[in-house]
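Each value in this text was obtained by applying a stated rule to the coordinates, not by laboratory testing. Nothing here was measured: the structure is a model prediction, and the numbers come from that model. Quick reminder, even Gly has a Cβ in these numbers, built from the backbone with ideal geometry, and neighbours come from all protein chains shown.
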Amino acid sequence: TFKIDLPSALKARGIHPMFHTSLLRIHVPNDDRRFPGRLAGQAFNLSEEPMDEWDVREVAAHSGTRKDAIFKVVWKAGDHT
């Protein structure tokens, strides 16, 4: 078991700082060539304020199953991916 020094935002949300070794992995930073300009806030929201810009409006379509599933997402900001 390891005790990790967590950022204050995670501590405020009640995340416990002790983790079993089986849950820990070596940090690999984002690949900016594949995901340019990606911000941590796009993946998860640590603040109490809603992040409407990154919220999903609807899943417009999908194909495939399990690991081969592909979704067309309409974001509240108006973008499609």
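The HN-Hα couplings worked out from phi for the range 65-79 by the Karplus form 6.51 cos²θ - 1.76 cosθ + 1.60 (θ = phi - 60°) are 9, 6, 5, 9, 5, 10, 10, 9, 10, 9, 7, 4, 6, x, 6 Hz, whole numbers, x standing for Gly and Pro.
Amide H contacts for Lys76 (H built 1.01 Å from N in the peptide plane; partners 5 or more residues away or on another chain; cut-off under 5 Å): Asp55, Val56, Arg57. Grab the beta carbon distance between Arg13 and Lys76, set R0 = 25 Å, and tell me the FRET efficiency rounded to 0.05. With R0 = 25 Å, the Cβ-Cβ based efficiency is 0.60.
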